[in-house]
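Q: Quick one: the structure is below, and I'll ask about it shortly.
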Amino acid sequence: MPSITNVGGSITSLVALTSIAWGIRFFRKHALRRSSLESGQLGGRGNLPALPALTPAAVRKLVHQDPIPHRLIDIRQPNEVAAKPLPSDLGPVACIPANELGTALSARGEWPVSCGGRRPSTEALLVLIGPKPEHCLQAVRAARSSGYRRLAAVRGGAQSFLHHDHHNNNSGSGRSRQENGRGSFDKPDSGPRYLGRDALAVLLSRAGAPGSGCVILDVRRSDERSMYGGIRGTHHLPAADLPQALDLPPEQFEATWRFPKPAKNTVLALLSRGERRAVWAARVAEDAGWTRPLCCKGGTAGWQMAGSNVLSYPHYERGEEPPEPHVLPPRPVGETEGFRELRMKGLIA
């Protein structure tokens, strides 16, 4: 009988090589995600880090509704601030020139008394207001070196607030939208579009099916989702991270958040504990080019689904003692009402 030669090597060697290849892939993916989250190097041209740009309307909604911890910082020079002050409805804005921001944000530095309050937490979203977004580079480097990774600029810079206010005061004539720095428009805030609880339940039953075209994002913090449960079929992306996440290229988005980046014509159903964060997230998504963002009415607090591990709980901030959950009776799903709402909104045929 002729001998048989195993030219491919032993099975043990094959398994070892496969394990090594899998390990390299896993650790590369983990390293990319850690790099994106910690260093904030989210791409960009040359040495310029990518920085998401919020519209004036999104910044105002952030200030007025306070959905997430944040701080507005005017990084212009004092003479520029004096010549063109920001609108008063933005509330207390910290005025710190870009070349002084590193010292102010450093743990060893002193937060200027004139700015009021305390140095913002590194969990907060810092909105940097400069002459133009590209002028924020020095401030971005200073903030990131001090541990701040949630950063955004204002689309069009400080001047955009003056244009935005002029547009609102003269909305009866001229163009219906104010041009912004991306060549698109800053749309007036017409309010969120809501999705009811029953309609959300129907969407979840269809999510992932061919042609469903729907992604449900849970925009709560990770501590809330881990302690009080998440709705099955939803993806987790905290509201504070949404501006930067939507700016990522698809491959980096998926490596960071572990699900594919939704296409801009996808139905984005945004879910928070109540509605406040979801409303702001919907505005951010729409300004970033997503055409079908919806705010889930009632949030997880009103889910009350039989067999679900999602608990209702009072509002609390990170660092505070987590409250005891509310015990609420389950409510049946009104499938007929849910399908009717989805058809009325044009989400299903």
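Q: Based on other C-beta atoms within 10 Å, arrange Thr266, Thr256, Thr336, Thr103 from fewest to most. Kindly include the intermediate steps, with their values, before the conclusion.
A: Working: Thr266 18, Thr256 22, Thr336 10, Thr103 15.
In increasing order of surrounding Cβ atoms, one gets Thr336, Thr103, Thr266, Thr256.
Q: Kindly work out what percent of the DSSP beta bridges joining two residues of segment 194-344 are antiparallel, to the nearest 5.
A: 5 percent
Q: Let me ask something else. As a footprinting exposure proxy, order Leu72, Leu105 by other Cβ within 10 Å, with the fewest listed first.
A: Ranking Leu72, Leu105 by Cβ neighbours within 10 Å, fewest first, gives Leu72, Leu105.
Q: Only counting other Cβ atoms within 10 Å, I'd like Arg197, Arg118 sorted with the fewest neighbours first.
A: Arg118, Arg197
Q: Tell me, what are the semi-axes, in whole angstrom and largest first, of the equivalent ellipsoid of segment 307-349 as set by the roots of 5 times the Cα gyration tensor eigenvalues?
A: The three semi-axes for segment 307-349 are 33, 15, 7 Å.
Q: In addition: Once you list every other residue whose beta carbon is under 14 Å from the beta carbon of Ala82, what net charge do they have if Lys and Arg are +1 and Asp and Glu are -1?
A: Value of the local net charge: 0.
Q: Between the DSSP loop rule and a limit of at most 12 other Cβ atoms within 10 Å, which GluC sites (Glu not before Pro) in segment 46-143 are left? Working shown, then result.
A: On the way: sites: Glu80, Glu100, Glu110, Glu123, Glu134; in loops: Glu110, Glu123.
Answer by residue number: Glu110.
Q: To one decimal place, what Kirkwood hydrodynamic radius in Å is obtained for segment 194-344 from all pairs of distinct Cα atoms?
A: Averaging 1/r across every pair of different Cα atoms and inverting gives 15.8 Å.
Q: What are the extents of the Cα atoms of segment 265-346 along their three principal axes, listed from largest to smallest and rounded to whole Å?
A: 39, 34, 15
Rule-based calculations on the coordinates, nothing more; no lab input. Only a predicted model underlies this, so the values are computations on that prediction, with no experimental measurement involved. Glycine also receives a Cβ, built like all others from the backbone with ideal geometry; neighbour counts cover every protein chain displayed.
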